Each structure stands twice: as structure tokens, then as C-alpha cells.
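First the structure, in the form of C-alpha cells, and then the observations on it.
Every read-out reported here was derived from the displayed coordinates using simple, explicitly stated rules and does not represent laboratory data. Bear in mind the structure is a predicted one, so any value in this text is a computation, not a measurement. So basically every Cβ, Gly included, is an ideal-geometry build from the backbone, and we count neighbours across all protein chains shown.
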Amino acid sequence: MNGWLTILLLVVSNVFMTFAWYGHLKLQEMKVISASTPLLVVILVSWGVALLEYCFMVPANRIGYQANGGAFSLVQLKVVQEAIALIVFAMFTVVFFKGESLHWNHLAAFVCLVAAVYFVFME
């Protein structure tokens, strides 16, 4: 159960982090903020969103880590987190940035990432 809870928390965490890192670009595109919005304001808002990311990431790592009774080694946690981050980012890109598209090389990179997850879990 810890493994699934860890993955769920990592997904939620990465949704917040993706919005913290790239959401301001969409807000600018939607004219909610302008290109002249001070960078410090954008950074502070992003930090606020990133705080929510940490509220899910830290428990995910704590619950998921083998030394705490979790299902994953430290390396496995990191590789799974990176795979989730790229999946969330790809979905964010397709849903929110209609002008951006995914190509065959993005799919190839995703396959390599899935292979990385496979290899990190091999004994």
C-alpha cells in the first residue's frame, strides 16, 4: 500500500511543481499576467505553488523510502519521481499549450525512461 500511496503523492506533487515552473507561461499566454509583470512577483507566486509541491513530495519520499518501511530504495524513488515528472509535464504540455506538440523523439525518450524504471528495479 505504501508504494501506491507514494506514487499518488508523487503525482500530486509533480502537478503542483509543473504549475509552479510553467504555469506562469500559460498565465502570460492567457493575458492574466503580462510580460512586464516583475520577475520577482512571478518567482514569489511560483514559490507559493512550489510549497504545495513540497507538502506532497516530502511525505511521498518519507513514506516510500525502504528505511521507513516503504517500498522503494532511494534510487528507485528518484527514478520513479522523474518518470512521473515527465508524464505530468507531457500531459500539461498537450492540455494547456495547444501550440506545442509531442513528436516521435519524445515518445522514444519516454520509452527510454520506462526502460530506466525497469532497470532500476532489477535485482
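Starting from 0.36 nm per residue, how many nanometres of slack lie between C55 and S73 once their C-alpha separation is accounted for?
On the way: separation 18, 0.36 × 18 = 6.48 nm, distance 2.06 nm.
My answer for the length gained is 4.4 nm.
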Could you sort 55-63, 95-103 so that the peptide with the highest average Cβ count within 10 Å comes first and the rest follow in order?
55-63, 95-103
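For Q66 and E100 in the same chain, what is the full-extension length gain: residue separation times 0.36 nm, less their Cα-Cα distance, in nm? Mind dumping the intermediate values first?
Numbers: separation 34, 0.36 × 34 = 12.24 nm, distance 3.87 nm.
Separation in residues times 0.36 nm, less the Cα-Cα distance, equals 8.4 nm.
Cβ neighbours within 10 Å, averaged per peptide: list 77-89, 12-24 in order, most packed at the top. Display every interim value, and only then the final one.
Details: 77-89: 18.0, 12-24: 20.0.
Final packing ranking: 12-24, 77-89.
Evaluate the chain: find the radius of gyration of its Cα atoms, find its Kirkwood radius, and give the ratio Rg to Rh.
Working: Rg = 16.5 Å, Rh = 15.8 Å.
That ratio is 1.04, to two decimals.
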Two pseudo-spin positions, 7 Å from Cα along C-beta at F89 and at A116, lie apart in nanometres by 0.9
Just how far, in whole angstrom, is the range 101-116 from the range 25-62 if you go by their alpha carbon centroids?
27
